[in-house]
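Before any comments, here is the structure.
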Amino acid sequence: MLDEVLIRLDRIETALAAIAEQKATKEFYTTAEVAEIVGRAEFTVREWCRLGRIDAVKQTSGIGRQREWRISHEELDRIRNHGPRPLVARHTKCG
């Protein structure tokens, strides 16, 4: 009897975890949200966006013309699994 209760409790916990994960998933995240999730400073995430190290789009937010970076859920997964892309050196003409 106790084993049956423990098995059912485990199923309930698994189902609740799946529901919580679904609700936590968003289509796009702000730089602040991504920074918190990956354990970095928001400035760092903004720099990754600016330098093209992660795929992000600038979208208008709130009132006014202020545009902020938005990072997709797929890109967040990529960052969590592989980190940002390496910084590519830009060539400049000398002479």
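FYI, it's all coordinate maths here, none of it is from the lab. Bear in mind that the values here come from a model prediction, so they are computed numbers and not experimental data. Glycine gets a Cβ as well: all are built from the backbone with ideal geometry, and neighbour counts include every protein chain shown.
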**Net charge over other residues, Cβ less than 10 angstrom from the Cβ of ARG53 (K, R count +1; D, E count -1)** = 0
**Request:** Sum up the charges of everything whose Cβ sits under 13 Å from the Cβ of ARG70, counting Lys and Arg as +1 and Asp and Glu as -1, but leave ARG70 out.
**Result:** -2
**Request:** Project the alpha carbons of the stretch 12-53 onto their principal axes and report the range along each, largest first, in whole Å.
**Result:** 44, 19, 14
**Reciprocal mean inverse distance between Cα atoms of the stretch 25-85 - Kirkwood radius, Å** = 11.5
**Asked** With each pseudo-label sitting 7 Å past Cα toward Cβ, what's the PHE28-LEU6 distance in nm, one decimal?
**Response** 4.8
**Item:** Distance between modelled label sites at GLU74 and ARG50, nm, 7 Å Cα→Cβ extension
**Value:** 2.7
**Prompt:** Between VAL38 and LYS58, what is the label-to-label distance in nm when each label sits 7 Å out along the Cα-to-Cβ direction?
**Reply:** 1.9
